[in-house]
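See below for the structure under consideration.
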Amino acid sequence: MPSVKHEIMQVDLSMKTEEGISLQMTHFYRLGCHDIKLPSVLIRTPYDRRMVTWTAQRIADRGYHCITQDCRGRFDSGGDFFPIVHDARDGSSTLRWMEKQPFFDGTIGMYGPSYLGLTQYAVVDDAPESLKAITPIVAASHTYPIVFPHGALHLDLVLRWLYLVMRLRDPAMNLLQGIWRRMSMWWVLTKTFKHLPISKADSVIVDGGIGVYQELIQHVDPNDPYWKEKKARLCDLDRCPSVHVMAGWYDFFLRESLRDFEQLQKPKRRPETVNQLTVGPWYHWQMWKWFGPTLYESIEWFDIHLKGHKHKLRDKPVRLYVMGVEEYRDFDAWPPPCSTTAWNLHPAGRLSKALPPAGSSYSEFSYDPHEPTPSVGGPSFDWFNCGPSDQNDFERRSDVLVFTSQVLREDLLVIGYVSARLYLRSSVQHTDFVARLCDVYPSGRSVNLCDGLCRITPAHPRSGSADELDENCAYSREAGDLVTVESAQVGSDITPSGTGLLCIEVDMWATANQFKRGHRIRLQVASGGHPRWSRNLNTGDEYHGDSAVIANQTVFHDRSRPSALLLPTIFSL
């Protein structure tokens, strides 16, 4: 973004909620425009509104009134902070406060990434008609799948975020405390991630634990009434104003951001709204890459919907960065039309479109929760271990299976949702399976693209022959869950040649990548990705237990049990 062209003024303001809580704000505007009726933009943040001053000045410079606000219980605002719970009511009250100001021209937009994006979705159900546009960046409308992706706690995200918010951004700490907490953060978090039981890991950060963390651990079931009470699903997307969803291929909000846009594409109660999707090659902490482009796109979105500049709308609403060719391409919808291509697992670690051999064929590995398989790169909240990363050392581990294609003779374009269908057995009834897609360069360097986990429990037993399971091994993207075999009874009595197979389909999220001629496609299979996914102790007591057992895992790859990587392939544009 260029430097500001006008002198920008700012004035601190305060408002009271219905309960009498004081929320502190700052109003940014061009010199001489304090009471001039112009469109308004609201930014609500738990991270100190002074941190978004630079952004607010650029928005005001483009001819907007910009209001920044500290969320309840954070920095200058009164009350007690609990993530998300108060943002719907406080945000809606703020919008109505803005409607009463002399500068209000009848239109409001909202801006912000990450938690600032959550505050936008939070106001939708009770927002006034004046809210015309929102721009949630690396954010989503449903928080449970972010905290518990695939049913496993995102340990790294939850504990690191709580450390940053409750410890490093604690308004009550003094300078020396701040310095010490920053210096000790890496050591403290490393110790925290190793701690068992997981339910007490927060006590490593703060004596006595952290209330928010304890509440999460006590309510791991997505159907628990707790999640409705705490507004985990932030809004009814049918009520949204015009939304520009902006996501990153390596961001931990990606899957839910894409699901949001899929829902937004459907006919809505507000047919006048228009929606766009932009997905870049970013991970969450890569702000030096996504901040400028997404701020620019946000202001353009406000120009369209608050100022009526309809000529700025794209011809096609979906813009995706295609890795491999390193360029953006536009599409009519998400996901774009594609053909699903099965790359079958073969003996000796091969991956091929050819059918696997007849007869019994399988690969085995052991997963030890005491030495959990780590996560390397990907949609992590660890700024030192996220995004596209070299996987070669990881792939040498004994607890990781690797299946690799032959060198590609021509480019292969993959855009959309990726999954892996695995026929398997385990020596335990509770365990995890992880599948990861990688692009292998001619040099041999293996780089991760997308991945996912399936957590297996015996809660809803289902077993059977390979043919019976294959008919039901389907993934419902609308429901967001594995339809019939998310959970299954497995045990040591299952043999490689017997029935009682378990077939799972691992949701590996999504990507847009052109595998170039001379590259190879690779699938990793493992049983962990710690601490991105909390380790499975293989006992059925993943969160409160402090003991674990080793799981011996078998993945089948023969004609009757064709485990496969399923790629959304686009053959022409």
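The values are calculated or read from the model by the stated rules, or taken from the named source; none is laboratory data. A quick note: this is a predicted structure, and the numbers were derived from the prediction, not measured. Glycine gets a Cβ as well: all are built from the backbone with ideal geometry, and neighbour counts include every protein chain shown. The area values use the complete protein model at the heavy-atom level, side chains included, leaving out ligands, DNA and RNA. Shrake-Rupley method; radii C 1.70, N 1.55, O 1.52, S 1.80 Å.
Answer rounded, prolate or oblate for segment 124-200, using the Cα gyration tensor with square roots of eigenvalues a ≥ b ≥ c: rounded when a/c is under 1.5, else prolate when a/b is larger than b/c, else oblate. Verdict is oblate for segment 124-200.
Do the alpha carbons of any pairs in 266/316; 268/310; 37/307; 132/230; 5/310; 100/310 sit beyond 18 Å of each other, and which pairs?
From 266/316; 268/310; 37/307; 132/230; 5/310; 100/310, over 18 Å: 268/310; 132/230; 5/310; 100/310.
Per residue, the convex hull spanned by the Cα atoms of segment 532-573 measures out at 138 cubic angstrom.
Over the chain, dividing the summed -39,500 (n - 2.57) contributions of all DSSP H runs of at least 4 residues by the number of residues returns a 222 nm mean residue ellipticity of -6000 deg cm²/dmol.
Taking a straight line from the alpha carbon of residue 312, these aspartates and glutamates sit under 16 Å away, with near neighbours fewer than eight places off in the same chain left out: 297, 300, 303, 330.
Per residue, the average separation of C-alpha pairs within less than 8 Å and at least 6 apart gives the chain a relative contact order of 14 percent.
Here the simple spin-label model places points 7 Å from the Cα toward Cβ, and for residue 310 and residue 182 these points are separated by 5.0 nm. Taking every alpha-carbon pair within the chain, the share separated by more than 32 Å comes to 48 percent. Near residue 405, once Lys and Arg are set to +1 and Asp and Glu to -1 for all other residues with Cβ below 15 Å from its Cβ, the sum equals +4.
Using R0 = 30 Å, the C-beta based FRET efficiency linking residue 516 and residue 393 works out to 0.80. Separation of segment 264-317 and segment 108-173 by C-alpha centroid, Å? Between the Cα centres of segment 264-317 and segment 108-173 lies a distance of 18 Å.
Starting from the alpha-carbon convex hull of segment 325-385, give the projected area averaged over all orientations, in nm².
The Cα convex hull of segment 325-385, projected and averaged over all directions, gives 8.7 nm².
Within the chain, DSSP assigns beta bridges of which about 70% are antiparallel (rounded to the nearest 5).
In sequence order, segment 223-238 has phi-based couplings of 8, 5, x, 3, 6, 6, 4, 8, 6, 4, 8, 5, 6, 8, 4, 5 Hz under the Karplus curve 6.51 cos²θ - 1.76 cosθ + 1.60, θ = phi - 60°, and Gly or Pro positions carry x. For segment 53-178, the Stokes-Einstein estimate of translational diffusion at 25 °C and a viscosity of 0.890 mPa s comes to 150 µm²/s, using the Kirkwood hydrodynamic radius over alpha-carbon pairs. Note on residue 272 and residue 16: the model spin-label points, each 7 Å out from Cα along the C-beta direction, lie 3.4 nm apart.
Relative to the longest principal axis of the Cα atoms of the chain, the long axis of helix 175-194 makes an angle of roughly 20 degrees. Surface composition of the chain: carbon plus sulfur atoms hold 51% of the accessible area, using a 1.4 angstrom probe and ignoring ligands, DNA and RNA. Averaging 1/r over every pair of different alpha carbons in segment 288-367 and inverting the result gives a Kirkwood radius of 17.5 Å. In the full protein context, the chain carries 40 Å² of accessible surface per residue, based on a 1.4 Å probe and ignoring ligands, DNA and RNA.
For the chain, the longest principal axis of the Cα atoms and the long axis of helix 287-306 meet at an angle of about 60 degrees.
Here segment 1-100 yields Rg over Rh of 0.98, to two decimals, using C-alpha coordinates and the Kirkwood radius.
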